[in-house]
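Worksheet for the structure shown next.
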Amino acid sequence: MTGYRIRVLNKIAPEGLAILAERFQVSAEEPDPHGILVRSSQVATADWPSLLAVARAGAGVNNITVAKATEQGICVFNTPGANANAVAELVFVMLGIQARNIHHSLAFAQGLAGLADQEISSRIEKQKSAFKGFELAGKTLGVLGLGKIGLRVANGGVTRQMRVIGFDPIPALENIHHLSPEVSLSRSLHEMVSKSEILTVHTPLNEKTRGMVNGELLSRLPQGAILVNYARGPVVDEQAVLGALAGGRLGAYLTDFPSAATLGHPRIIATPHLGASTEESEEQCASMAALELRGYLEYGAITHSVNFPSAELVPAASVHTRFIMINRDIPGMIGFASHAIGASGINIASYLNESNGTIGYNIIDLESGIPPALVAEIEAHPGVIRTRTISFAG
């Protein structure tokens, strides 16, 4: 199939759009897209009848109906790591602001506007001690979540001469291999929290992590600890944070997710979701998302999907048609597809099957076309969710 239609939601960096411009119809008004490129807008996949894939230019996908997409056989991509440096840098900027009372001292300095230089100097000398802070070096930094962002934060803590402890319930080896040897890995979340003078959260938002940082967890922190949330707002129970601040267990809360409950609190610094808001991050996220979308639509290739397994196969010169079968991960599906295709006299050039435990994804390269009747026969199997046919002929 040619002429895939792409709907763009939100402002997407031009570097990403350029990747799709030559071979795709790209529009912010496309009514029936095959692919959607999105940043923060809500995407209800059931609203789009021809939709094959959604690519999120960012890490979190809580704005996309992922479970429904999986039921429909729609692949959902994200861009892990593309904004990691931007978020990690901001975490340390905000820690520096808190540690040195920069926010309060700036307000004080601005309040001196209009005074004579001698009066300004006099007031500064009298009151600057009120803004005395502390250094990050030597403090114990606990990093909850060691994905691309958590990895950079942990390593960044080491370069700042902090004692760093990391914890991830399901660590990815590719990330752990890049972790500084000076980072201590904790086997227990509670053990790490109990030692963390600063606890920074870098987990995705899902049903397991929603409200993970609750009153019970906060009670294990050292007295006066600092909590940092530049992951997702609902990972932290705000009411528990307010209680911990009132009781002195928390000394400060730094967050990228302002709310009615947190704004205006004297010991909360809230930024307006600035984590990935850099030119470099937006360019990298857009380009990565566009490449994922292009690879999936043109070849059925999958990298960085949150609901489908990774699968890539370069078609040989003899391949006429690529047949994609998306199925529930149940026994017998490979044999079923192979037998049905072989019984129709079609030669299979190569067969790749990948699974994530829920979804089976099959790339079946054929040396001739596949008739509609055979496609219908395969789709009628109760284990099959969706199929696609990609022709390389002509």
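The values are calculated or read from the model by the stated rules, or taken from the named source; none is laboratory data. If you're wondering where the values come from, they're calculated on a predicted model, not measured in any experiment. No Cβ is skipped: glycine too gets one built from the backbone with ideal geometry, and neighbour counts run over all protein chains shown.
For Q239, only one of the following conditions fails: (1) modelled with pLDDT of 95 or more; (2) part of a loop (DSSP other than H, G, I, E, B). What is its number?
The number of the failed condition is (2).
When the residues of the stretch 299-335 are narrowed to those that are polar (S, T, N, Q) and not in a strand (DSSP E or B), which ends up nearest to P382 (Cα to Cα)?
Only one residue tops the list, namely N307.
Is it the case that G345 is among the small types (G, A, S), under 21 Å from C75 (Cβ atoms) and part of a loop (DSSP other than H, G, I, E, B)?
Judged against the criteria, G345 is not a match.
With acidic (D, E) and in a loop (DSSP other than H, G, I, E, B) as the only criterion, which of E174, E135 stands out?
The match here is E135.
Kindly evaluate E182 against the criterion of being modelled with pLDDT of 95 or more, surrounded by fewer than 15 Cβ atoms within 10 Å (Cβ to Cβ) and touching a strand residue (DSSP E or B) at 6+ places or on another chain (Cβ under 8 Å).
yes
Restricting attention to the stretch 144-169, which residues are in a loop (DSSP other than H, G, I, E, B) and either at pLDDT 95 or above or buried (at least 19 other Cβ atoms within 10 Å of the Cβ) (or both)?
Of everything in the stretch 144-169, those that are in a loop (DSSP other than H, G, I, E, B) and either at pLDDT 95 or above or buried (at least 19 other Cβ atoms within 10 Å of the Cβ) (or both) turn out to be G145, L146, G147, R160, Q161, M162, D168.
Given the structure, is S186 in contact with a helix residue (DSSP H, G or I) (Cβ under 7 Å, 6 or more places away or on another chain) and more than 22 Å from L90 (Cα to Cα)?
yes
So for the stretch 99-113 (the condition being more than 30 Å from L51 (Cβ to Cβ) and among the charged types (D, E, K, R)), does at least one residue qualify?
For the stretch 99-113, residues more than 30 Å from L51 (Cβ to Cβ) and among the charged types (D, E, K, R): present.
I'd like to verify a number: residues in the stretch 361-386 that are touching a residue at least 12 places away in the same chain (Cβ under 8 Å) and either within 23 Å of E71 (Cα to Cα) or buried (at least 18 other Cβ atoms within 10 Å of the Cβ) (or both), how many?
Count: 16.
Looking only at the stretch 103-110, decide whether some residue is buried (at least 23 other Cβ atoms within 10 Å of the Cβ) and not in a loop (DSSP other than H, G, I, E, B).
no
Would you say G300 is outside the structural domain of V54 (by TED's automatic domain parsing) and at positive phi?
For G300, the condition - outside the structural domain of V54 (by TED's automatic domain parsing) and at positive phi - is not met.
Failed condition for L205, given (1) modelled with pLDDT of 95 or more; (2) surrounded by 15 or more Cβ atoms within 10 Å (Cβ to Cβ), with all others met?
For L205, the exception is condition (1).
Looking at the stretch 1-95, what strands (runs of 3 or more DSSP E) fall wholly within it and have at least 1 residues that are more than 21 Å from the chain's Cα centre (by Cα), in contact (Cβ under 8 Å) with a residue 40 or more places away in the chain and buried (at least 19 other Cβ atoms within 10 Å of the Cβ)?
Strands (runs of 3 or more DSSP E) meeting the threshold: 4-8, 24-27.
Can you tell which of A130, A137, A172, A116 is surrounded by fewer than 20 Cβ atoms within 10 Å (Cβ to Cβ) and under 18 Å from the mean Cα position of the chain (by Cα)?
Going through A130, A137, A172, A116 in turn, just one is surrounded by fewer than 20 Cβ atoms within 10 Å (Cβ to Cβ) and under 18 Å from the mean Cα position of the chain (by Cα): A172.
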